[in-house]
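The values are calculated or read from the model by the stated rules, or taken from the named source; none is laboratory data. It should be emphasised that the depicted structure is a prediction, and the values quoted were computed from it without experimental measurement. We place every Cβ from the backbone using ideal geometry, glycine too, and count neighbours over all the protein chains shown. For the accessible areas, the whole protein counts, side chains as well, though only heavy atoms, and no ligand, DNA or RNA atoms are used. Shrake-Rupley method; radii C 1.70, N 1.55, O 1.52, S 1.80 Å.
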Amino acid sequence: MAMPSEARAQRILDSLNTAILTCDRDLKVVSANPAGEALFGVSTNHLLRRSLSDLCPNDRRAIAPLRNALETGQPVTAHAMRLTLSPELTITVDYTATPVSGWNDDVRLILELIRVDRFLRLAREDSLLDSYAAGRAVLRGLAHEIKNPLGGLRGAAQLLDRELPNRGYREYTRIIIHEADRLRNLVDRMMGPRQPLKSEAVNIHEVLEHVRRLVQAENPEGLILLRDYDPSLPDLKGDREQLIQAILNVARNAVEAMDGRGRLELRTRVKRFVTIDHVRHRRVIHIEIADDGPGVPEELRAQIFYPLVTGRADGTGLGLSIAQDILGRHGGMIEFTSEPGATRFSFYLPFNKPGNRT
Ligand SMILES: Nc1ncnc2c1ncn2[C@@H]1O[C@H](COP(=O)(O)OP(=O)(O)OP(=O)(O)O)[C@@H](O)[C@H]1O
Ligand SMILES: [Mg+2]
């Protein structure tokens, strides 16, 4: 039997993450959905028939626009309003209040409240991500400038190689060609992936399993690989190949730091209320790559996401800057914490890439 439309509407209200309150013209609460109860931290019974001015006696600045909305019949939206719910509890909300008439000839105010102080702000200094991006942009420009003359250099060495009468000199032209190729490869890596980001359905566990198999095959002995996945994670929209590269760069670093011997753990969870690069997300994927190696050298900690920063004799210092770049293009980011025996790299990845950053 079909559900009556009122019951259906109620069920929708009940399942919303957004707190919805309806109030009468005296700002007395007439109804609240479960998210509303959760926001105020009390049961609906406790909220019903209480006036918002009683519930938040010290918040006239937040309440005044509501009366205004009732008087003018116009909706209002307010940002970052502080509500003092008890002496111990102050929260910050964004709200929209919409007056709706025709309620037995009376008017109701529908209040949608979103708590904003629960959003965990990543990249505590917002400028940090910008500065990584600026570093990479300079490097891309430089890489481009190097590649053109390098092509000329290589071509000339090849011509010379053919023309040289004395075969003994060819050893030198070969060195020029070989070194030019090496430099071109480095420059290509420095530029990072240049293809436009694909937007395909990606199962993050399939990506992690792919990385796990690769890393395991590269280190058949001494590496203990552990997994702790949240199987309820839905697919995300992103570029599978590039995500593999980002995760692989970080996993390889961990293995290199442990000299191929130690524990590497891959973990996934949902993280709620996260702000990345000024964008708020209700839910993001949190991937953790943890190792029990010696930890990131103290003197490198502030810089490891910048290009060409390396603590390894044979490192190029590009792995993390490329990984951060790839995550950035997905609207996400990478952070880490590290101490000897416990290093964790955290990837925060939105389910859908916000905006059109490429
Ligand atoms: N899990 C880790 N444990 C300890 N140190 C780490 C870890 N991950 C990264 N590092 C440090 O950060 C540095 C920078 O890493 P990044 O991947 O950017 O460059 P790289 O590994 O040196 O060179 P590349 O990845 O380009 O071959 C590393 O050289 C290492 O010193
Ligand atoms: Mg690396």
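Taking the listed residues Ser31, Ser15, the one that is in the same structural domain as Thr90 (by TED's automatic domain parsing), open to solvent by 30 Å² or more (accessible area, probe 1.4 Å) and modelled with pLDDT under 90 is Ser15, with no other qualifying.
The number of residues in segment 305-320 that are near ligand 1 (Cβ under 6 Å from one of its atoms), crowded, with 20+ Cβ neighbours inside 10 Å and part of a loop (DSSP other than H, G, I, E, B) comes to 1.
For Arg272, the criteria (1) modelled with pLDDT of 90 or more; (2) in contact with a Leu (Cβ under 9 Å, 6 or more places away or on another chain) hold in every case but one, which is (1). Among the residues examined, Asp291 qualifies as open to solvent by less than 20 Å² (accessible area, probe 1.4 Å) and within 12 Å of ligand 1 (Cβ to nearest atom).
One residue alone among Asp235, Asp228, Asp181, Asp188 is under 19 Å from Ile289 (Cβ atoms) and either of a type outside the set (Phe, Trp, Tyr) or touching a Cys at 6+ places or on another chain (Cβ under 8 Å) (or both), and that residue is Asp228.
Which of the following residues is assigned by TED's automatic domain parsing to the domain that holds Glu218, of a type outside the set (Ser, Thr, Tyr), within 16 Å of ligand 2 (Cβ to nearest atom) and closer than 30 Å to Asp94 by Cβ: Leu318, Leu264, Leu300, Leu327? After applying the criteria, what remains is Leu327. Taking segment 240-253 as the range and being near ligand 2 (Cβ under 10 Å from one of its atoms) and open to solvent by less than 10 Å² (accessible area, probe 1.4 Å) as the test, the residues that pass are Val250, Ala251. Right, Thr310: out of contact with any strand residue (DSSP E or B) (no Cβ under 7 Å at 6 or more places or on another chain), without any contact (Cβ under 8 Å) to a residue 24 or more places away in the chain and within 25 Å of Asp130 (Cβ to Cβ) or not? Yes: the conditions hold for Thr310.
Here's the yes/no breakdown for (1) in a helix (DSSP H, G or I); (2) modelled with pLDDT of 85 or more:
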| residue | (1), (2) |
| --- | --- |
| Met1 | no, no |
| Gln10 | yes, no |
| Thr22 | no, yes |
| Ala35 | yes, yes |
| Asn45 | yes, no |
| Ser53 | yes, yes |
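In segment 111-130, the residue that is nearest to Leu13 (Cα to Cα) out of those that are assigned to a strand (DSSP E or B) and open to solvent by 40 Å² or more (accessible area, probe 1.4 Å) is Glu112.
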